[in-house]
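Take a look at the structure set out below.
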Amino acid sequence: VKIFDQPGMMREQLDHLRAESKTIGFVPTMGGLHEGHLSLVRQAKSVADAVVVSIFINPLQFGANEDLDAYPRKLEDDLQQLEQLDTDMVFTPTPDTMYPLGLEAQTKVLVPDLTTVLCGASRPGHFDGVSTVVCKLFNIVGPNTAVFGQKDLQQLLIIKRLVADLALPVTVIGHPTTREADGLAMSSRNTYLNEDQRAIAPTLYQSLSEAVEAIKNGSRDYPALEKGALTTLEKAGFAPDYIEIRRSTDLIRATEADEDIAIFGAARLGTTRLIDNIVVSTG
Ligand code: AMP
């Protein structure tokens with residue numbers, strides 16, 4: 001695996017591949033890699049000649065009181081895992097190279113509507129940081145295909161909208177969520193959980209799954225299902241942020257008439273914020 005921390009060097013290396021008509025697959029990450037990330041890398045490898053993984057803890061997408069400083073930094077371990085997958089290249093820029101004039105002065109890319117609900121409501125500015133860094137990474141790497149996890153379904157929809165609205169020449173693929181044996185969605189942030197919290201954590205997926213079962217059995221009382229899941233989470237010891245059933249296409253609140261929907265959940269266990277979602281088709 002070849003490692004680059006300078007955008008110019010990264011781009012130059014990829015220009016050589018493009019000159020040989022090789023296609024490039026890209027998986028942006030913040031590191032702290034786990035099996036979920038690796039499944040995206042495998043998918044990228046299956047659709048492209050060469051795969052680039054970026055590892056960049058993007059300060060622009062963290063709020064002032066969020067976990068930027070505590071976020072897992074495990075570069076050696078990450079590189080080892082990527083090496084085992086035969087990843088071609090890893091891009092590891094620093095905040096100074098990505099934002100030389102500072103975060104305030106950085107030109108930003110703002111996707112409207114999709115960014116203001118769910119996690120966008122609880123984390124103001126978060127998705128502006130995401131869309132800006134992804135746009136910049138796309139311009140450095142120039143991938144034919146980029147793979148994102150459905151674990152962050154709102155993020156995936158925002159990136160797809162960004163690519164469509166700005167006519168970026170990238171195909172965006174969504175990849176299913178990788179889970180632990182007990183259903184907990186894998187996340188770099190799971191390492192924050194103590195033993196007791198780790199035991200409670202799968203309740204988030206369980207509460208969403210119960211609502212999905214009810215929907216599959218014909219229930220369309222979405223407010224009641226949301227309330228039921230919130231109560232389950234509170235009883236388990238979570239401080240829920242939201243449970244919402246929305247259209248999986250444009251994140252508008254789901255009604256009985258909508259066929260492509262998803263249930264989204266975010267909840268805190270102590271200071272750790274976990275998110276998850278399940279897509280359902282009622283058609
Ligand atoms: P992150 O490092 O958390 O920014 O995630 C990088 C990419 O991995 C994003 O596209 C995430 O959606 C994806 N990802 C994170 N966790 C999982 C998971 N458990 N299953 C599938 N994809 C994931």
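The values are calculated or read from the model by the stated rules, or taken from the named source; none is laboratory data. These numbers were taken from a predicted model, which means no experiment stands behind them. Neighbour counts run over all protein chains shown; Cβ positions are idealised from the backbone, glycine included. Just so you know, the surface numbers come from the protein's heavy atoms only, side chains and all, with ligands and any DNA or RNA stripped out. Shrake-Rupley method; radii C 1.70, N 1.55, O 1.52, S 1.80 Å.
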So residue 167 fits all but one of (1) surrounded by fewer than 19 Cβ atoms within 10 Å (Cβ to Cβ); (2) in contact (Cβ under 8 Å) with a residue 12 or more places away in the chain; (3) not in a helix (DSSP H, G or I); what number is the exception?
(2)
Please work out which residue is farthest from residue 156 (Cα to Cα), limiting yourself to the stretch 110-124 and to residues that are open to solvent by 50 Å² or more (accessible area, probe 1.4 Å) and out of contact with any strand residue (DSSP E or B) (no Cβ under 9 Å at 6 or more places or on another chain).
124
Counting only residues that are on the phi > 0 side of the Ramachandran plot and of a type in the set (S, T, N, Q), how many does the stretch 133-189 have?
0
Of all the residues that make up the stretch 109-139, how many are part of a loop (DSSP other than H, G, I, E, B) and over 17 Å from residue 249 (Cα atoms)?
5
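Residue-by-condition table, conditions (1) farther than 23 Å from residue 51 by Cβ; (2) modelled with pLDDT under 95; (3) more than 13 Å from the ligand (Cβ to nearest atom):
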| site | (1), (2), (3) |
| --- | --- |
| 135 | no, no, yes |
| 151 | no, no, no |
| 157 | yes, no, no |
| 162 | no, no, yes |
| 167 | yes, no, yes |
| 177 | no, no, no |
| 197 | yes, no, yes |
| 208 | yes, no, yes |
The strands (runs of 3 or more DSSP E) lying entirely within the stretch 1-104 that contain at least 2 residues which are at pLDDT 95 or above and either of a type in the set (Phe, Trp, Tyr) or within 14 Å of the ligand (Cβ to nearest atom) (or both) are 24-29, 50-55, 89-91
Restricting to the stretch 4-30, what's the tally of residues that are in contact with a Ser or Thr (Cβ under 6 Å, 6 or more places away or on another chain) and open to solvent by 50 Å² or more (accessible area, probe 1.4 Å)?
1
When every residue in the stretch 146-164 that is part of a helix (DSSP H, G or I) and open to solvent by less than 30 Å² (accessible area, probe 1.4 Å) is compared, the one nearest to residue 23 (Cα to Cα) is 163
Regarding the stretch 132-144, can at least one residue be identified that is open to solvent by less than 30 Å² (accessible area, probe 1.4 Å) and in contact with a Gly (Cβ under 7 Å, 6 or more places away or on another chain)?
yes
Within the stretch 31-39, can one find any residue that is surrounded by 14 or more Cβ atoms within 10 Å (Cβ to Cβ) and over 16 Å from the mean Cα position of the chain (by Cα)?
no
Residues satisfying the stated conditions in the stretch 238-255, i.e. in contact with a helix residue (DSSP H, G or I) (Cβ under 9 Å, 6 or more places away or on another chain) and either open to solvent by 50 Å² or more (accessible area, probe 1.4 Å) or aliphatic (A, V, I, L, M) (or both):
239, 241, 243, 245, 249, 251, 253, 254, 255
Those residues that are without any contact (Cβ under 8 Å) to a residue 24 or more places away in the chain and surrounded by 12 or more Cβ atoms within 10 Å (Cβ to Cβ), I need them from the stretch 59-88; list them, please.
68, 80
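Going by the conditions given, is residue 275 at negative phi, under 18 Å from the mean Cα position of the chain (by Cα) and open to solvent by 10 Å² or more (accessible area, probe 1.4 Å)?
For residue 275, the condition - at negative phi, under 18 Å from the mean Cα position of the chain (by Cα) and open to solvent by 10 Å² or more (accessible area, probe 1.4 Å) - is met.
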